[in-house]
Amino acid sequence: MNQKNNNVILEVKDLKMYFPVMRGLLRRKVADIKAVDGVSFNLKSDETLGLVGESGCGKTTIGRCILGLYRATGGQIIFDGKNITSMPEKKLRGIRREIALIFQDPYSSLDPRQSAGSIVGEPLKIHQMVMSRREYKDRVEELFRTVGLDPSMIDRFPHEFSGGQRQRIGVARALACDPSLIICDEPISALDVSIQAQIINLLEELQDRARELSYLFIAHDLSVVRHISDRVAVMYLGHVVEICKSRVLYEKPLHPYTRALLSAVPIADPFVEETRERIILKGEVPSPLNPPPGCPFHPRCFMAVPECSQSVPTLREVSPGHEVACIRV
């Protein structure tokens, strides 16, 4: 990978995203679904931050808040020095040139009525990035070559491509406006294993070639996140419970939830697989509609003590660059 710099391109501070629950004929609010509840992290230029956790923990909601698709209930999102949480829609449109999204499902994220070329080229028209038809055609062809697709496929429609090729089209569309941040929302989870490696390698190659391109890589597959990420943030029920460098997380996980997640990742070595510690969590993930008091993980935690149910632990640095939200660590 490129030599990393220390310029922070994205800073998320105490982000909250609550969805109201409405009932009755008058549609009165009776409760809140706390999808994201006080999340903080930052992302540097040229860096890949993996955001991992179980389904429903709030990973995708954070990505949509950064894109401005959701208006955050509280907290701040500072992108390239600008607070975009309360930014008017007209100004936010200009910021969206700098932030792109790669969707999870390559089958439903492409308009079946548009050709592949028009799908990739649409952002160029919306943000007025090209001045002539010739320039538009040249740029679309260049984007196709960049992601490993033959420009002769420009006039084909999505149903004429394989799953891996469709996701390459999605990557090309994300690159169209030369963004500085790409939010990858589980971009390989719907693909075959053999194709997943190709897309991961493509993303890494693009980051090596580009200057100051950052990824927020949302996933639940810890083995994939280990391969691509510089740092990893682990989420549970709307909270970040641990964040550190990727190598450190896999070699020395500290939060009990992180340890449980990693114990479930298969290892190719049969001897290590048989002898390593297995952590089986009790119970089910609580509902974000009615989260438990105190630490959100304490009802299932094998290290819990009575104090865990009394206050929500905040992230604290236990070693340089390694933050954990747990009073027992």
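Here, each number is a calculation from the coordinates, and none is a lab measurement. If you're wondering where the values come from, they're calculated on a predicted model, not measured in any experiment. Cβ placement follows ideal geometry from the backbone for every residue including glycine, while neighbour counts extend to all protein chains displayed.
Among 280, 228, 154, which one shows the biggest mean-square fluctuation in a GNM of the chain, springs joining Cα atoms closer than 10 Å?
Of 280, 228, 154, the Gaussian network model singles out 280 as fluctuating most.
In the Gaussian network model of the chain, springs joining C-alpha atoms below 10 Å, which of 261, 43, 92 carries the largest mean-square fluctuation?
92
Over the range 23-118, calculate the relative contact order: mean separation of alpha carbon pairs under 8 Å at least 6 apart, over the residue count, as a percent.
Relative contact order of the range 23-118: 15 percent.
Which cross-chain or sequence-distant (5 or more) residues have an amide H under 5 Å from the amide H of residue 36, H modelled 1.01 Å from N in plane?
Counting only residues 5 or more places away or on other chains, the set is 17.
Assign one of three labels to the range 138-204, namely rounded, prolate or oblate, based on the Cα gyration tensor with a ≥ b ≥ c the square roots of its eigenvalues; rounded applies when a/c is under 1.5, prolate when it is not and a/b is larger than b/c, and oblate otherwise. Show your work: numbers first, answer last.
Details: a/c = 1.85, a/b = 1.13, b/c = 1.63.
Judged from the Cα gyration tensor, the range 138-204 comes out oblate (a/c at least 1.5, b/c at or above a/b).
For the range 285-300, what does the Karplus curve 6.51 cos²θ - 1.76 cosθ + 1.60, with θ = phi - 60°, yield as ³J(HN,Hα) per residue in whole Hz, taken in order and with x for Gly and Pro?
Calculated HN-Hα couplings, in order: 5, x, 7, x, 6, 9, x, x, x, x, 5, x, 8, 4, x, 10 Hz.
When the Kirkwood hydrodynamic radius is evaluated over all pairs of different C-alpha atoms of the chain, what value in angstrom, to one decimal, is obtained? Display every interim value, and only then the final one.
Values: mean 1/r = 0.0471 Å⁻¹.
One decimal place: 21.2 Å for the Kirkwood radius.
Report the residue, chosen from 203, 26, 143, that carries the largest GNM mean-square fluctuation when the chain is represented by alpha-carbon nodes joined by springs under 10 Å.
Among 203, 26, 143, the largest mean-square fluctuation in the Gaussian network model of the chain belongs to 26.
Just list whichever of 90/125; 13/44; 34/252; 44/252 have alpha carbons separated by over 21 Å in the model shown.
Values: 90/125 17 Å; 13/44 15 Å; 34/252 30 Å; 44/252 23 Å.
Table pairs above 21 Å Cα-Cα are 34/252; 44/252.
No solvent, one uniform scatterer per C-alpha: report log10 I(q)/I(0) for the range 288-329 via the Debye equation at q = 0.21, 0.25 1/Å, two decimals.
Results for the range 288-329 at q = 0.21, 0.25 Å⁻¹ read -0.67, -0.85.
Under 13 Å from the Cβ of residue 72, count the other residues' Cβ atoms, weight Lys and Arg +1, Asp and Glu -1, and hand me the total. Numbers along the way, then the final one.
Working: positive: 13, 16, 34, 64, 71; negative: 14, 37.
It works out to a net charge of +3.
Rounded to the nearest 500, what is the chain's calculated 222 nm mean residue ellipticity when only DSSP H runs of at least 4 contribute -39500 (n - 2.57) each, over all residues?
Working: 10 runs with 98 residues, N = 329.
Mean residue ellipticity at 222 nm (helix-derived): -8500 deg cm²/dmol.
Under 1.5 on a/c is rounded, so check that first for the range 1-128, then, if it is not, pick prolate when a/b is larger than b/c and oblate when it is not; a ≥ b ≥ c are the square roots of the alpha carbon gyration tensor eigenvalues. Let's see the in-between values first.
Numbers: a/c = 1.66, a/b = 1.20, b/c = 1.39.
Here the range 1-128 falls in the oblate category.
From the square roots a ≥ b ≥ c of the eigenvalues of the alpha-carbon gyration tensor of the range 81-216, which class results: rounded (a/c under 1.5), prolate (a/b over b/c), or oblate? Intermediate values should be presented prior to the final figure.
Working: a/c = 1.60, a/b = 1.21, b/c = 1.33.
Oblate is the answer for the range 81-216, as a/c is 1.5 or above yet b/c matches or exceeds a/b.
Report the percentage of all Cα-Cα pairs in the range 189-329 whose separation exceeds 19 Å, rounded to a whole percent. Could the numbers behind the result be given before it?
On the way: 5840 of 9870 pairs.
Above the 19 Å cut-off, the range 189-329 has 59 percent of its Cα pairs.
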